[in-house]
Amino acid sequence: MPCERKPMRYGHSEGHTDVCFDQQGKCILTCGSDGDVRIWESLDDDPKSINVGEKAYSLTLKNGKLVTAASNNTVQIHTFPDGDPDGILTRFTTNANHVTFNQSGTRVAAGSSDFLVKVVEVADSSQQKTLRGHEAPVLSVNFDPKEEFLASSSCDGSVVVWNIEEQAQVTSWNILQKSSDVTNAKSLCRLAWQPPSGKLLAVPVETSVHLYERNTWSHVSSLSDDFITQAINVVVWSPCGRFLAAGTIGGYLTVWDVETKLCLERQKHEKGYTVCGMAWHPSGGQIVYTDTEGCLGLLDGLSTVSAPSAAAAAPTTKNLKTKDYDDLFDEDGDQFLDEEASESRSPVKKSAVADDDDDDDLMPATGRPRHRSSFLDDDDNSQDAGSVNLDKFGGGDDASSAIVPLVPVAAAAALRPVYDGPMPTPPQRPFQPGSTPAHLTHRFMMWNSVGIVRGYNDEQDNAIDVEFHDTAVHHAMHLTNSLGHTMADMSQEAVLLACESTDELASKLQCLHFSSWDTSKEWMVDLPKGEDARALCLGQGWGAVATSALLVRLFSVGGVQREVFSLPGPVVCISGHGQQLLIAYHRGTGFDGDQALGVQLLQLGSRSRQVIHGEPLPISRKSYLVWLGFSAEGTPCSIDSEGVVRLLNRSLGNTWTPVCNTRDHCKGKSDHYWVVGIHENPQQLRCIPCKGSRFPPTLPRPAVAVLPFSLPLCQTTTEKGQMEEQYWRSVLFQNHYGFLALSGYEINEHSQSQAQKEQQELLMKMFALSCKLEREFRCVELAELMTQSVVTLAIRYASRSRRMALAQRLSELALEKANQEQAQQEEEEEEPDYTSHSAGYRHSGDEWRGARHSHSPTPQQNRHEEEEEGEEEEEAQEEQMEAEEAAESQKPRLNPFKKGPASPEKASPKPVSTASKEGRVNPFKVSCPGKPSASPAGRAANVLDTMTMSNRKPSASGTTGSKQSKSPVLKPLVPRPKSKTQATLLQMSSRAGGKKAEEKGKEPSAERLKQAEDATPPASAGDNQENCRPKTGFQLWLEENRKSILADDPHLEETAIIKEAMGRFRTLSADERLSWTERVKGEAAEVKKRKREEEDDVGEEGEERAEPQQVSAKKKKPLDTSAKLSAFAFNKD
């Protein structure tokens, strides 16, 4: 009859536990993370407790001595059963992870996280032997029954056999998966020597147990089972040495007959928790085990299992053989022995005298026919499928040389195909970014920039606490978790909760819409039957939930169902920010410990579109995703289990750039950082340090630390590498300015200009360093990244350094940059803006850089604007636009990214930027005559002054807004001013139409112009001023080429004529367009000359009117760029 699984008993608080029997088997001893050792005489009675420290990691008992490994870095001795302290056996610099006695009870071996293994005499603790050689924390240790060898396993992936007396390594195998600490290890790898001879060493490796032979240290066999899909944690031998039991991370308990490699017993933990401790009763009839939740379990009745063994009782008849198998697999109540389940990884070695005749004797007592091929083969030379699958899944590369080889080695090797390829990786489970594991009784359900959601699920209470960083958003809430919610997210509008389905209830989505202006602030929806919520998130005005049916369901924050779409694979996590939705899912099966994840980025709102179309999400090798979300400025970010933080680089084709490695800041290998937020301005990674764990405790409230960013460039210890890293990090973290501007939000122009100035300073420093190193080609490469004004400084530096060839090349580069800026300026002035940009992901890198620099006009751009703008009509348009801007700026708009700079945990109630005090700069405004205009040469010189003096003499506006300029201030985008095309159309229509402007223009343009000219009265002084005012080059070209355009199509409207003229004007070369501009300036000078001759007759009004035009003429004096640069470059002073 199979064994009986006793009900579990709660023994310790959640966390790692260990268990053992006393020598007589009368008591069970357990220890746990609560620091107590409990002595159980029976599972039905209450245990006796002994406190040994804050936490107890391992225990062992022999000869009345209880040895424990406690959290105070010591190995202690207590008397048994009294529990009195009996001294400290040894100390380590960190925690000891495992302790064990030798066979005689005279020595104790202990392995620690400081990579050491110590063997200590119990009678005299000063007699110690230290075994050094591991390169990571030690997982487990075990004595050879003959006390000659000691085996140990480590997080460095190795299993080592030591000679105790010589304190030297005998052999080692690198067969385990590497990890940085015990808490990160895939398995505890509690290995064990076979009693009583120590002939075999059992080592749990992934989902199988490898058996190594003593002295030869060769891998002789492997034990595995189909039902074991997760790593084996611990193995223990029966006292007789014939049977081996194993406990897995998935909660399976398996017992094998080592000689036949037959799986005799399978049991599953009633809740599927990880088995982390096992011990076999001295009599062999019971196995006791503990899990990571602090519970204790017992398997009873194993003595009946150990009796029938193919090797112990050599079967002479088929009836005896059949009886053995009927005894082993008789009970169908075993939940894991289904008649349809495959037994392919539980092979049965055929008896040497297997009978070929009868097949009918394989009917078990239950009357249910079993698959005979799973147990016996008729042909002695045939190969059972189990052995094939055993090798296929890594069961053993030397399985043909088993303990009792019954098939010739050559024949077995020829018939067993071996798969040596990569092994599939178990897919990562769904999780909520910013939450701790759901199995914890006290946990963070969400921690983000808005607040904290805590969950409590213990014997006293099952509730949820919601706390806001800024109490102005909402007061704290206490909710009763009657539905068993396990997922949560929160924003400045609502709190979203979800629970999985049960046998009676469907999976539910509950929203607490606390920002609603009506009285109904809560709604709930049931998901369809059989569909469970796996992940959820909130954005601005919407929420999303990803389900087990590979669907993503969108809801409005008020409860209206919106779009539903499918995912290509199972979801891992989702995150929302503003109108952006970020989704991570499984693209396929990963191999060799790698996860195969994909990512989608969707832009919701009025112009919904998919920005990232399921591209692979890059993470580190053999790692998994631990956090996915957005920075405070709206840039997608990801963090993997190796601590690498990656930021989406929009200017480089939506690639992911690593910007930080939190492991570099950890003091110990078992320490981690739990990320709660990312900020780009200022550059901060906000996280919680977790000592010895991956997750922080809920109480006391953990403190938030700030880590800096650093790009993984080469040679960052050198001056050149440091400046390169600072420059490219500044460029990367400035991308959000362009994104926010194109998304319709105002940005802090002061912070942006400061970042641009820092970049130019770094470029100039790298330029100077390259000059010193005589790297002139590198200097030109750096100059290509500079602005035109900084290139002039580089020219001066090169000329003073007597590098005339470099200065000549830089002057050519500066001239080229000036021409490019002029051409770009003309195109921007002439091209109408009929298209409105959306989120801005699809723009190229040049457009992103243009968006970044568009807020800081160059001196040449200002000069062109002053030359081409009028005086009276533009001022009227300016007043009208400013009135529209003032009206628009008064409209409130919800800011989803509101974040205070002083305390990143609290939203800023009144964000004020330096730029917001003056409003948006009007590009059409002409400087007034009373203000002195700085000369171009003075502007070029000012660049150096501002770069060198900025640290000593900050501007007044910078000092007043210094505290508030650390993070971007997001405001509604004010209306765009009228484009140059519209202003040109207005001027020309006012001149051409005159008093006929109110009539409906259905006639051809040529006829309308002719009628307007005939109907125009004699020009007065005011008309003369308007008609003779300076034109742009395009207006002059249009006047002379209007007839040719109308000849091609006489039915064109005035707007169509201007569009057609602009298209033709753009096709002209830069020199031709420049010549038209020069002609305009010449005509303007002639007009002013004629006006000065007429001033005597006009009188006082004429004098007042001529004065601003003379000032304007002085300002519009053309500047020869090449002449200026040549004089500037070769100035010996």
*Along region 686-693, what does the Karplus equation 6.51 cos²θ - 1.76 cosθ + 1.60 (θ = phi - 60°) give for ³J(HN,Hα), rounded to whole Hz, x for Gly and Pro?*
8, 8, 10, x, 10, 8, x, 7
*Determine the per residue accessible area of region 15-106 with all protein chains present and a 1.4 angstrom probe, expressed in square angstrom.*
40 Å²
*Kindly state, to the nearest 0.05, the FRET efficiency for Ser730 paired with Asn174, given R0 = 60 Å and r defined as their beta-carbon distance.*
0.90
*Please list the non-local residues whose amide H lies under 5 Å from the amide H of Ser693, H modeled 1.01 Å from N, same-chain partners needing a gap of 5 or more.*
His672
_I'd like the distance separating the alpha-carbon centroids of region 1-80 and region 224-253, in whole Å._
21 Å
*Along Cα→Cβ, 7 Å out, is where each label goes; now give me the distance between the ones at Ile88 and Glu1072 in nm to one decimal.*
9.1 nm
*Determine the share of region 1-139's accessible area contributed by carbon and sulfur atoms, expressed in whole percent, with a 1.4 angstrom probe.*
43 percent
*Do the alpha carbons of any pairs in Lys199/Lys261; Lys720/Lys772; Lys271/Lys508; Lys129/Lys691; Lys26/Lys65 sit beyond 19 Å of each other, and which pairs?*
Lys271/Lys508; Lys129/Lys691
*Around Ser608, what is the net charge, scoring Lys/Arg as +1 and Asp/Glu as -1 over all other residues with Cβ under 12 Å from its Cβ?*
+2
*asked:* For Asn748, what residues show an amide H to amide H distance below 5 Å, using hydrogens built from the backbone and excluding near sequence neighbours?
replied: Val969
*Report the accessible area of Asp45, computed with a 1.4 Å probe over the heavy atoms of all protein chains in place, in Å² rounded to the nearest 10.*
80 Å²
*Mind listing the phi-derived Karplus ³J(HN,Hα) values for region 784-801, rounded to whole Hz, using 6.51, -1.76 and 1.60 with θ = phi - 60°, and x for any glycine or proline?*
5, 8, 7, 7, 4, 5, 6, 4, 4, 5, 5, 4, 4, 5, 5, 5, 6, 8
*asked:* Rolling a 1.4 angstrom probe over the protein chains, ignoring ligands and nucleic acids, what is the accessible area of Arg663 in square angstrom, nearest 10?
replied: 60 Å²
*Modelled label-to-label distance, Ser608 and Ser218, 7 Å Cα→beta-carbon offset: nm?*
6.6 nm
_Using a 1.4 Å probe on the protein heavy atoms, what percent of the accessible area of region 436-487 belongs to carbon and sulfur?_
51 percent
*Would you mind working out the accessible area per residue for region 696-796, using a 1.4 Å probe, and quoting it in Å²?*
44 Å²
_Positive-end residue of Leu740, Phe777, Ser753, charge dipole of region 679-782 with Cβ unit charges_ = Leu740
_Rounded FRET efficiency, nearest 0.05, which uses the C-beta distance separating Ala1085 from Glu1039 and R0 of 22 Å_ = 0.75
*If you take the square roots of the eigenvalues of the alpha-carbon gyration tensor of region 718-763 and sort them as a ≥ b ≥ c, do you get rounded (a/c under 1.5), prolate (a/b over b/c) or oblate?*
prolate
*Return the long-range amide H neighbours of Ser125 (sequence gap of 5 or more, or a different chain), with a cut-off of under 5 Å between placed amide H atoms.*
none
*Solvent-accessible area per residue, Å², over region 627-693 with all protein chains present [probe radius 1.4 Å]*: 31 Å²
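If we sort 544-551, 566-573 on the protection proxy, mean other Cβ atoms within 10 Å, highest first, what's the order?
Output ranking for 544-551, 566-573: 544-551, 566-573.
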_Orientation-averaged projected area, Cα convex hull of region 1-157 (nm²)_ = 10.6 nm²
*asked:* What translational diffusion coefficient, to the nearest whole µm²/s, does region 650-692 have by Stokes-Einstein, given a Kirkwood radius computed over alpha-carbon pairs, a temperature of 4 °C and 1.567 mPa s viscosity?
replied: 107 µm²/s
_Given R₀ = 35 Å, what would the calculated FRET efficiency be for Glu816 paired with Thr589, taking r from the Cβ atoms and rounding to 0.05?_
0.10
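How far, in nm, would the chain grow between Asp458 and Ser283 when pulled straight, counting 0.36 nm per residue and subtracting the alpha carbon separation? Please report the intermediate quantities before stating the final value.
Numbers: separation 175, 0.36 × 175 = 63.00 nm, distance 3.77 nm.
Between Asp458 and Ser283, full extension yields an extra 59.2 nm.
What order do you get for 1055-1064, 752-761 when each peptide is scored by the mean count of other beta carbon atoms within 10 Å, highest first?
Listed from highest to lowest mean packing, they are 752-761, 1055-1064.
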*Within 10 Å, count the other beta carbons around each residue, average over each peptide in 630-637, 528-535, and list them highest first.*
630-637, 528-535
_Point-to-point label distance, Ala438-Lys48, nm (Cα→Cβ direction, 7 Å offset)_ = 4.2 nm
*Share of region 523-585's accessible area from carbon and sulfur, percent, 1.4 Å?*
54 percent
*State the extension gain, in nm to one decimal, for the chain segment bounded by Glu148 and Glu121, taking 0.36 nm per residue of separation less the distance between their alpha-carbons.*
8.2 nm
*List, in order, the whole-Hz ³J(HN,Hα) value for each residue of region 81-94 obtained from phi through the Karplus relation with A = 6.51, B = -1.76, C = 1.60 and θ = phi - 60°; use x for Gly and Pro.*
x, 5, x, 7, x, 10, x, 9, 7, 7, 10, 10, 7, 9
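The values are calculated or read from the model by the stated rules, or taken from the named source; none is laboratory data. Remember, it's a predicted structure, so these values are computed and weren't measured experimentally. When we count neighbours, we look across all protein chains shown, and the Cβ atoms used for this are built from the backbone with ideal geometry, even at glycine. These accessible areas exclude ligands, DNA and RNA; they are computed on the full protein's heavy atoms, side chains included. Shrake-Rupley method; radii C 1.70, N 1.55, O 1.52, S 1.80 Å.
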